[in-house]
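I have placed the structure first, in the form of structure tokens, so that the comments after it can refer back to it.
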Amino acid sequence: MILVTGGAGFIGSNFVLDWLATSDEPVVNLDALTYAGNLANLASLAGDARHIFVRGDICDRALVDRLLANYRPRAIVHFAAESHVDRSIHGPGEFVRTNVQGTFTLLEAARAYWTALDEPARTAFRFLHVSTDEVYGSLGPDDPPFTETTPYAPNSPYAASKAASDHLVRAWHHTYGLPVLTTNCSNNYGPYQFPEKLIPLVIANALGGRPLPVYGDGLNVRDWLYVGDHCAGVRTVLEKGRQGETYNIGGWNERTNIEIVRRICALLDELRPDPAGSYERLITFVKDRPGHDRRYAIDARKIERELGWRPAETFESGLRKTVRWYLDNQAWLRQVQDGSYRAWIDMNYAAR
Ligand code: NAD
Ligand code: TDX
């Protein structure tokens, strides 16, 4: 079996659902169920003995040791993190705790477990660390996309905490020989994404008739990848990646934020027209994010050349699926927009 961390979050839950849809290998899912973790994402697995959910913190060494000893996983796939840049600006402490201390705790537990394994389990074991393109910093308009050898230059507390975790993973391979793999992926979108991130926030606000906040001039560029393609990329790296290597994962799909927001408005105009007029009327330019990275772009040639992975979804097909999913799952959306969600929205947008 495999141990997944953060499997009740956006990407982790998509990964667990996809994994169990294509394989009978059981998953132990360790997740603290922070504001971003949601068991409703995994509701379709209720009663499925292949999914063992454990509510707990990746910083809890005794718990991680116990899970490794009891379940003897052949791999750890590590998604758990604090993941929202704006929250990291308001409160960086939790990012250092979960992303740095938590990854350290997992690495130490994995090292103790792996060292004691017999052959061939020791050779087969993998620790796959899921990371982000934000560790590479910000690109100018004409710069080539990030490759695996682009120097690290993280700019936000979130990016710095992920960069620190990547460095720990690298060092545990170099120094102790732990068989690690690291993936650095671009912006994901798709079902079950918490409506604090741009795409689900814009869909949720449009459906509620609220302003669609665009930071700064709206010309910051992100490179968008459908979450199912990211999950397939992670599975490919787990299966075929060379230990100690890092793989960039991206969709070759750079867009400005304003383009994204307009595209969502156009899809909603088509799928759920508002008698009051186009959703574009709700677009509102607001105060920029401090230190806002201008452009991210991923060069995904290494994973394609070496492992044969490439995205299946186009941006058009992926965004249409995503908008439809939110339209069909408004109960999910309402459920996550609880009191703490409203408090966050008030804090992040009131002064903008
Ligand atoms: P998310 O915020 O939706 O989910 C994070 C999950 O981790 C939640 O279920 C949460 O409960 C859990 N968690 C948080 N702290 C924990 C702790 N201390 N112990 C155990 N569980 C804890 O995040 P996401 O968007 O699904 O991102 C998953 C991973 O992918 C992260 O490592 C993130 O850095 C990386 N990533 C995300 C994106 C993106 O666009 N969302 C892109 C590239 C990489
Ligand atoms: O209200 C908003 N208005 C706006 O203009 C929000 C929430 C965002 N934005 C902008 C900021 C970014 O340029 O949209 C862009 C995307 O923002 P986010 O969805 O917050 O994502 P980003 O900051 O790019 O980081 C994401 O991609 C990399 C994920 O949150 C990270 O976890 C991942 O590592």
- Item | Lone qualifier among Arg97, Arg50 - being free of Cβ contacts under 8 Å to residues at least 60 places away in the same chain, closer than 25 Å to Leu117 by Cα and among the basic types (Lys, Arg) | Arg50
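If you take just the helices (runs of 4 or more DSSP H) that sit entirely in the range 241-352, which of them hold at least 2 residues that are away from ligand 1 (no atom under 16 Å from the Cβ) and touching a residue at least 24 places away in the same chain (Cβ under 8 Å)?
Values: elements: 257-271, 301-307, 315-328, 330-336, 339-350.
It comes to 257-271, 301-307, 315-328, 339-350.
May I ask you to say which residue of Asp86, Asp18, Asp60 is among the acidic types (Asp, Glu) and free of Cβ contacts under 8 Å to residues at least 60 places away in the same chain?
Working: Asp86 fails: free of Cβ contacts under 8 Å to residues at least 60 places away in the same chain; Asp18 fails: free of Cβ contacts under 8 Å to residues at least 60 places away in the same chain.
Only one candidate passes the filter, namely Asp60.
I need a count of the residues in the range 206-218 that are touching a residue at least 60 places away in the same chain (Cβ under 8 Å) and surrounded by fewer than 20 Cβ atoms within 10 Å (Cβ to Cβ). If you could, list the steps in order and put the result at the bottom.
Step one: list which residues in the range 206-218 are touching a residue at least 60 places away in the same chain (Cβ under 8 Å), which gives 206-207, 209-218.
In the following step, the residues that additionally are surrounded by fewer than 20 Cβ atoms within 10 Å (Cβ to Cβ) were identified as 207, 209-211, 215-218.
Selection size over the range 206-218: 8.
Conditions tested, residue by residue: (1) within 16 Å of the chain's Cα centre (by Cα); (2) surrounded by fewer than 20 Cβ atoms within 10 Å (Cβ to Cβ); (3) closer than 21 Å to Lys302 by Cβ.
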{"residue": "Leu106", "(1), (2), (3)": "no, no, no"}
{"residue": "Ala112", "(1), (2), (3)": "no, yes, no"}
{"residue": "Ala124", "(1), (2), (3)": "no, yes, no"}
{"residue": "Asp133", "(1), (2), (3)": "yes, no, yes"}
{"residue": "Ser138", "(1), (2), (3)": "no, yes, no"}
{"residue": "Asp142", "(1), (2), (3)": "no, yes, no"}
{"residue": "Thr147", "(1), (2), (3)": "no, yes, yes"}
{"residue": "Ser165", "(1), (2), (3)": "yes, no, yes"}
- Message: With the structure loaded, tell me whether Asn188 is within 11 Å of ligand 2 (Cβ to nearest atom), of a type in the set (S, T, N, Q) and not in a loop (DSSP other than H, G, I, E, B) or whether it fails that test.
- Response: yes
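For the structure I just gave you, tell me whether Tyr158 is buried (at least 22 other Cβ atoms within 10 Å of the Cβ) and outside any strand (DSSP E or B). Don't jump to the end; show me each part of the working.
Details: buried (at least 22 other Cβ atoms within 10 Å of the Cβ): yes; outside any strand (DSSP E or B): yes.
Answer is yes for this residue.
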- Item | Subset tally (residues that are more than 10 Å from ligand 1 (Cβ to nearest atom), more than 25 Å from Glu239 (Cβ to Cβ) and of a type in the set (S, T, N, Q)) for the range 157-199 | 1
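Could you tell me how many of the residues in the range 78-101 are outside any helix (DSSP H, G or I) and away from ligand 2 (no atom under 16 Å from the Cβ)? Give the derivation first.
Pass one, the range 78-101, residues outside any helix (DSSP H, G or I): 78-84, 91-92.
This time we only want the ones that are away from ligand 2 (no atom under 16 Å from the Cβ), so: none.
Qualifying residue count for the region: 0.
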- How many of the residues making up the range 1-51 are within 12 Å of ligand 1 (Cβ to nearest atom), more than 17 Å from Arg235 (Cα to Cα) and not in a loop (DSSP other than H, G, I, E, B)? 6
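Taking the stated definitions as given, is Asp346 within 18 Å of Asp217 (Cβ to Cβ) and acidic (Asp, Glu)? Quick ask: steps written out before the conclusion?
Details: within 18 Å of Asp217 (Cβ to Cβ): no; acidic (Asp, Glu): yes.
No; evaluated as a whole, the condition is false for this residue.
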- Note on the structure: In the range 206-240, anything part of a helix (DSSP H, G or I) and within 14 Å of ligand 1 (Cβ to nearest atom) is listed as Val227, Gly228, Asp229, His230, Cys231, Gly233, Val234, Val237
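So, Tyr226, is that one more than 16 Å from the chain's Cα centre (by Cα) and among the aromatic types (Phe, Trp, Tyr) or not?
Working: more than 16 Å from the chain's Cα centre (by Cα): no; among the aromatic types (Phe, Trp, Tyr): yes.
Judged against the criteria, Tyr226 is not a match.
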- What about Gly250, is it at pLDDT 95 or above, within 21 Å of Glu148 (Cα to Cα) and more than 9 Å from ligand 2 (Cβ to nearest atom)? yes
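When the range 265-293 is examined, which residues are found to be within 16 Å of ligand 2 (Cβ to nearest atom) and touching a Leu at 6+ places or on another chain (Cβ under 7 Å)?
Residues satisfying the conditions are Tyr279, Leu282, Ile283, Thr284.
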- Message: Name the residue that is surrounded by the most Cβ atoms within 10 Å (Cβ to Cβ), counting only residues in the range 30-64 that are under 18 Å from the mean Cα position of the chain (by Cα) and among the β-branched types (Val, Ile, Thr).
- Response: Ile58
- Query: Looking at (1) within 16 Å of ligand 2 (Cβ to nearest atom); (2) free of Cβ contacts under 8 Å to residues at least 60 places away in the same chain, can you tell me which one Gly177 breaks?
  - Reply: (1)
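Could you list, in sequence order, all residues of the range 115-140 that are closer than 22 Å to Gly12 by Cβ, part of a helix (DSSP H, G or I) and in contact (Cβ under 8 Å) with a residue 60 or more places away in the chain?
Keep residues of the range 115-140 that are closer than 22 Å to Gly12 by Cβ, which gives 125-135.
In the following step, the residues that additionally are part of a helix (DSSP H, G or I) were identified as 133-135.
Passing the criteria: Asp133, Glu134.
The values are calculated or read from the model by the stated rules, or taken from the named source; none is laboratory data. Since we're looking at a predicted model, the values are computed, not measured. Cβ: placed from backbone, ideal geometry, glycine included. Neighbour counts: every protein chain shown.
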